[in-house]
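What follows draws every value from the coordinates through simple rules; no lab data is involved. The structure presented is a predicted model; accordingly, all values stated were derived computationally and were not measured. Cβ sites come from the backbone with ideal geometry, for glycine too, and all protein chains shown count toward neighbours.
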Amino acid sequence: MEGKIEEGPVGITKVKDLTPRSNKVNVLVKVTGVGEPKEIPNRLGGAAKKVAEAKVGDETGTIILSLWQDQIGAVNEGDVLSIENGYVSLVRGHMHLNVGKYGKMTKSDKDIPNVNMEVDVSAAEQQREGFRPRYGGGSSGGYGDRGRRRY
């Protein structure tokens, strides 16, 4: 029995289908622009890290891809990238696609001729789901209740 082995990630997710809770996603995107790297200071006093934002997309829309350290110089405008096991995070309320330490980003020889620049999923401000702001007062039932019972 002969079978054809597919190359690349199985189950490609389209950019327009990404949500703030998307994780373990495989996407095929084309880089439409790369921003200037910025240095982010380490809050714990370690070495600062570099981050850059790249605008990437497919025929359904665009999203911002966060590039860290060594990824910055490896990505150029016009490249088609295959991202495996990526995830979406919210940066100041806007969706960003990330590769992360468990993900993989490789250049692909597949072509995405038309990127839909009209639909920018990063442009809309998102709310974190399941996030409830805490208001002072009352017993929280956590560490701050000093062992008192709640009735």
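Can you list residues whose amide H is under 5 Å from Glu59's amide H, if they're 5+ apart or on another chain and H is modeled 1.01 Å from N?
So Glu59 has HN proximity to Asn116.
How would you order 74-80, 60-66, 120-126 from highest to lowest mean count of nearby Cβ atoms within 10 Å?
Top to bottom by mean Cβ count within 10 Å: 60-66, 120-126, 74-80.
How much net charge surrounds Lys50 when only the other residues with a Cβ under 13 Å from the Cβ of Lys50 are counted, with Lys and Arg +1 and Asp and Glu -1?
Values: positive: Lys38, Lys49; negative: Glu36, Glu39, Glu53, Asp70.
With Lys, Arg at +1 and Asp, Glu at -1, the neighbours total -2.
Of Ser122, Gly35, Ser22, which is farthest on the positive side of the dipole of region 15-124, counting Cα position, with +1 on Lys and Arg Cβ, -1 on Asp and Glu Cβ, and the Cα centre as origin?
Towards the positive end, the residue furthest out is Ser22.
Go through 86-97, 45-56 and give me the packing order, highest mean Cβ count within 10 Å leading.
In decreasing order of mean packing, 86-97, 45-56 become 86-97, 45-56.
With the Cα gyration tensor of region 15-124 giving a ≥ b ≥ c as the square roots of its eigenvalues, does the rule (a/c under 1.5 for rounded; else a/b larger than b/c for prolate; else oblate) give rounded, prolate or oblate?
In terms of gyration-tensor shape, prolate.
Mind checking the dipole of region 15-124: about its Cα centre, +1 per Lys or Arg Cβ, -1 per Asp or Glu Cβ, Debye to the nearest 20?
It comes to approximately 580 debye.
Set the Förster distance to 25 Å, then compute FRET efficiency between Gln127 and Thr60 from the Cβ-Cβ distance, nearest 0.05.
Numbers: r = 23 Å, r/R0 = 0.90.
Once rounded, the FRET efficiency stands at 0.65.
Compute the distance in nm between two label points, each set 7 Å from the Cα along the Cα-to-Cβ direction, one at Leu90 and one at Glu77.
3.2
Please report, in whole Å, how far the alpha carbons of region 24-89 spread along each principal axis, starting with the longest.
That gives 42, 25, 17 Å along the principal axes, largest extent first.
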